[in-house]
Every structure is written in structure tokens, then in C-alpha cells.
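The values are calculated or read from the model by the stated rules, or taken from the named source; none is laboratory data. Every value quoted in this text rests on a predicted model; they were computed, and no experiment measured them. Positions of Cβ are generated from backbone atoms using ideal geometry, with glycine treated the same way; all protein chains shown enter the neighbour counts. Ligands, DNA and RNA are stripped out before the accessible areas are found, and what is left, the full protein with its side chains, is counted by its heavy atoms. Shrake-Rupley method; radii C 1.70, N 1.55, O 1.52, S 1.80 Å.
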Amino acid sequence: MTVMENLKLGATFVDPGHWNTDLERVFALFPILQQREAQRAGTLSGGEQQMLAIGRALVSRPRLLMLDEPSLGLAPIYIRKIFEIIHEINRKDGVSILLVEQNAHHALRLAHRAYVLQHGSIVLADTGNDLLNNPEVKSAYLAGGQAHAA
């Protein structure tokens, strides 16, 4: 399927009267998708595929956006961009975000509320900022206090 076909698929169950506005919003967030709207989605880079997946979700007008490892395997430039956009979607659009992410530094900077899991159990819970500054979290997940932001 092409980029545009993927986006249209995401909007299948919403009012078609919102399509143009929603498409403009996705293209404003991810201009590369507009440039590649006729391209087969499978030929996009990993970062572009992540952008398309988020864009496809956004045209469905979600109240909750669940993201599993959106930075996995991405180049640092795409990691920064994805997290900036996730923040914007939450702040400007009021969409709640449930984020599962191993990049602790970026995730905690973004999170209103965060949980640290070990072996499937919650071992710490606090605000993202408080966990970002927690010595135990810094030591275990942020390279001994030297956060390596991508």
C-alpha cells in the first residue's frame, strides 16, 4: 500500500468530513509523508515508517495514542523528531499518550507520569521529571547519571 492508502485506512471509521483537516495536520507534523504520498510504505526508511504509523493513528482521531518503542532502531535525528512530535500531539491536540520506551532519557523528559518496570513488575512510579532526577534511575538507566540523549 502507498503512504496515502495507509493514511486513508486509518480514517476508515471516522467522519469523512474531517479528512482534509486531519490530513493537513499529519502533513504539517510529517512533511516527508506528503512528499512521498504515492510511494509504497514498505520502501520508506524506519523513521519514515514510524511517522506513517503515527500519522495513520492520528487520522482516526484517537483520545489515547499507545506507542510501543517508537524510537527502536531509529537514527538519532529521527528519535529527537519523533519525541518532539509526541510531545506536540499531547500538548496541542490533547491526546493522551501511553508510551512504552527503553530510551529512558527521552521518555522521562516527556512523561507526566512514569513507571519503571523490572521483570514485568513496577519498581518505581513518579513524575517523569522526578524519575529523571532519581539517583537510582540515573545509575541504572541513564548511564550512571550521564544521560546519553540521542
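Just a few scattered comments:
- Pair list, Cβ under 9 Å, 6 or more apart: the range 33-49 residue within 12 Å of Asn6 (Cα to Cα), other residue open to solvent by 60 Å² or more (accessible area, probe 1.4 Å) and charged (D, E, K, R): Ala41/Glu5
- Some residue of the range 16-26 being open to solvent by 60 Å² or more (accessible area, probe 1.4 Å), touching a Lys or Arg at 6+ places or on another chain (Cβ under 9 Å) and either of a type in the set (Phe, Trp, Tyr) or outside any loop (DSSP other than H, G, I, E, B) (or both): yes
- In the range 127-137, residue nearest to Ile97 (Cα to Cα) [restricted to those that are open to solvent by less than 60 Å² (accessible area, probe 1.4 Å) and in a helix (DSSP H, G or I)]: Gly128
- Residue identified as among the hydroxyl-bearing types (Ser, Thr, Tyr), touching a residue at least 40 places away in the same chain (Cβ under 8 Å), open to solvent by less than 50 Å² (accessible area, probe 1.4 Å) and over 29 Å from Leu142 (Cβ atoms) among Ser60, Ser71: Ser60
- Residues of the range 30-57 that turn out to be charged (D, E, K, R) and open to solvent by less than 30 Å² (accessible area, probe 1.4 Å), as a count: 1
- Residue check, Gly55 under 14 Å from the mean Cα position of the chain (by Cα) and under 25 Å from Gly17 (Cβ atoms): yes
- Search result, residues across the range 12-26 that are free of Cβ contacts under 8 Å to residues at least 12 places away in the same chain and closer than 16 Å to Ile89 by Cβ: Thr21, Glu24
- Single residue of Glu48, Glu69 found to be closer than 19 Å to His105 by Cβ, at pLDDT below 95 and among the acidic types (Asp, Glu): Glu69
- Leading residue by the ranking (farthest from the chain's Cα centre (by Cα)) among those in the range 102-126 that are surrounded by 15 or more Cβ atoms within 10 Å (Cβ to Cβ) and charged (D, E, K, R): Asp126
- In the range 76-99, residue surrounded by the fewest Cβ atoms within 10 Å (Cβ to Cβ) [restricted to those that are more than 16 Å from Ile32 (Cα to Cα) and aliphatic (A, V, I, L, M)]: Leu98
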